[in-house]
Amino acid sequence: MSTAKTEIGKAQFGLIGLAVMGQNLALNIERHGYSVVVWNRTPEVVDEFLRTKAQGKKIIGTRSIRDFVQALERPRKIMLLVKAGDPVDWTIGQIKPYLEPGDIIIDGGNSYFQDTQRREKELAAGGLRFIGSGVSGGEMGALWGPSLMPGGEREAYEEIRPIFEAIAAKVDDGPCVTYVGPDGAGHFVKMIHNGIEYGDMQLIAEAYDILRRILGLGADELADVFSQWNKGLLNSYLIEITAKIFTVKDPETGKPLVDLILDKASQKGTGLWTSHVALDLGVAIPTIHAAIEARLLSNLKEERVQASQQISGPQTGDAGISLSSYTGNKKELISAVHDALYASKICSYAQGMALIRAGSNRYQWNINLGEISRIWKGGCIIRAQFLDKIKQAYQRRPDLPNLLLDPDFRTWVSEAQPRWRQTVSLAQNLGIPLMAMSASLAYFDTYRTANLPQNLTQAQRDFFGAHLYERIDKPGLGLIHTDWASITG
């Protein structure tokens, strides 16, 4: 093993945390011409990495934090790829005594944005600079080009910008990285990215459920459908891998592997954070909420099995699979499901972008939504063809309050309405749950409705709690109260 010493020379970039993501990112950085020094809490992991994947490359391994820090040129650029939460604070505590003013620490994990705000403030007091950067794309993205969402001091970003632009995924309009904004802006945007990802995955799962339960499509047919979808408006990484998943057979049974996977979905927390932040900022994200709740309900497997045996739906057979009463045209329904999925997806992204705008306004980050759309076009999990349309929408109108008000999206969704409603209505009539797709449709209908029934809600609140209300015929009157109980006896 090569141990770094100050007389050997200085590496240009430091990386702490050598799980697969960390190893792949180190290889990516080195492949683009930068020397890298690495450290891991378990020395054996460093040894193995140098002996295998990093052999013969400009990657130096170290056994102590002191040697790691001293092996770096100044200002030191150190990226942490460790588990979010306490491990980040612990790692910062280990390296901080050896750092000097001007050095830069980059947290590349899925940290909560308010933790990033705190850390940036604490480190700035000692002259150290802190970048909280979202990194999306999984293991292969880390190796061949992720989408990067850095936030923090602008000058600190300029120091690392050449490296980040080199290693990021590349699309037609540049590398998939941009300066997001001050302090926690980068991790905030990554959090919302993950929330949108939850919505995307649930919407795709619901489209799959309709096709298999109403039309009885098998894995081979589903692979063909999703492959075709990936050639058009729905072209995206998630649609692409969904088509591939349906082609995989279990070597033991010969059955489609997806059919043998237990229907219990877990989560790592960023979806829940997105939900909590939306409630705090007062932004409606029903599609993303529904995706989280669908995962929660999926974990009630034993209860659901019992319920399927005791509670009957419209027409159910073994394991709760609907016995289709659909007698319409098969190709037409597939086309309708396609349009319902795309329209629902637009609503989900509209919710996510509205939440980013609200966070930017609350924390004065001045986030460029068009740029965020651009850097999501490549590298990240939610990369999709229609992100270019979102970028163009914000270029046309930077202050666009909601994607549904953009002329292109408004026109498309309006034209898709009949097929969207047909899909949701058919599934509901057959007892097939569409938590996210129906939430998207309800969001669309609510957003386009001028007069909602919350006038009654306000009357109720004023009746039992004197919470006050406004009159539509006397807008200058302000908040008023009515003694409802006295009037009604």
Exercise for the section: Report yes if some residue within the stretch 363-379 is surrounded by fewer than 16 Cβ atoms within 10 Å (Cβ to Cβ) and among the basic types (Lys, Arg); otherwise report no. Expected result: no
Practice task
Search the stretch 38-49 for residues that are over 19 Å from Lys83 (Cα atoms) and pair each with any residue that is of a type in the set (A, V, I, L, M) and open to solvent by 30 Å² or more (accessible area, probe 1.4 Å) when their beta-carbon atoms are under 8 Å apart and the residues are at least 6 apart or on different chains.
Solution key: Asp47/Met1
Exercise for the section: Within the stretch 193-210, count every residue that is within 20 Å of Gln385 (Cβ to Cβ) and of a type in the set (Val, Ile, Thr). Expected result: 2
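Right, Ala336: buried (at least 18 other Cβ atoms within 10 Å of the Cβ), of a type outside the set (Asp, Glu), within 19 Å of Tyr447 (Cα to Cα) and modelled with pLDDT of 95 or more or not?
When the stated conditions are applied, Ala336 does not pass them.
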Fill in the blank from the handout: Scanning the stretch 198-244 residue by residue, the ones that are touching a residue at least 60 places away in the same chain (Cβ under 8 Å), open to solvent by 10 Å² or more (accessible area, probe 1.4 Å) and acidic (Asp, Glu) total 1
Handout entry: Single match in Ile29, Ile60 (criterion: buried (at least 17 other Cβ atoms within 10 Å of the Cβ) and not in a helix (DSSP H, G or I))
Key = Ile60
Practice task
Enumerate the helices (runs of 4 or more DSSP H) found wholly within the stretch 422-489, keeping only those where 2 or more residues are aromatic (Phe, Trp, Tyr) and touching a residue at least 12 places away in the same chain (Cβ under 8 Å).
Solution key: 435-447
Completion exercise
Of the residues in the stretch 53-95, those that are under 11 Å from Val38 (Cβ atoms) and of a type in the set (Val, Ile, Thr) number 4
Completion exercise
Cβ pairs under 9 Å, 6+ apart or interchain, first in the stretch 106-135 and among the aromatic types (Phe, Trp, Tyr), second open to solvent by 50 Å² or more (accessible area, probe 1.4 Å) and assigned to a helix (DSSP H, G or I), ordered by first then second residue, are Tyr112/Trp273; Phe113/Trp273; Phe113/Tyr363; Phe130/Lys121; Phe130/Glu122; Phe130/Ala124
Practice task
Could you check, for the stretch 311-319, whether at least one of its residues is within 28 Å of Gln385 (Cβ to Cβ), β-branched (Val, Ile, Thr) and out of contact with any strand residue (DSSP E or B) (no Cβ under 7 Å at 6 or more places or on another chain)?
Solution key: no
Exercise for the section: Might you check whether a residue that is part of a loop (DSSP other than H, G, I, E, B), buried (at least 23 other Cβ atoms within 10 Å of the Cβ), touching a strand residue (DSSP E or B) at 6+ places or on another chain (Cβ under 7 Å) and modelled with pLDDT of 95 or more occurs anywhere in the stretch 3-15? Expected result: no
Practice task
Just name the residue that is farthest from the chain's Cα centre (by Cα) out of those in the stretch 384-441 that are open to solvent by less than 60 Å² (accessible area, probe 1.4 Å) and of a type in the set (Asp, Glu).
Solution key: Asp406
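The values are calculated or read from the model by the stated rules, or taken from the named source; none is laboratory data. Model, not experiment: these values are computed from the prediction. Here the Cβ is made from the backbone with ideal geometry for all residues, glycine too, and neighbour counts use every protein chain on show. The protein model used for the area step is the full one, side chains on, heavy atoms only, and it has no ligands, DNA or RNA in it. Shrake-Rupley method; radii C 1.70, N 1.55, O 1.52, S 1.80 Å.
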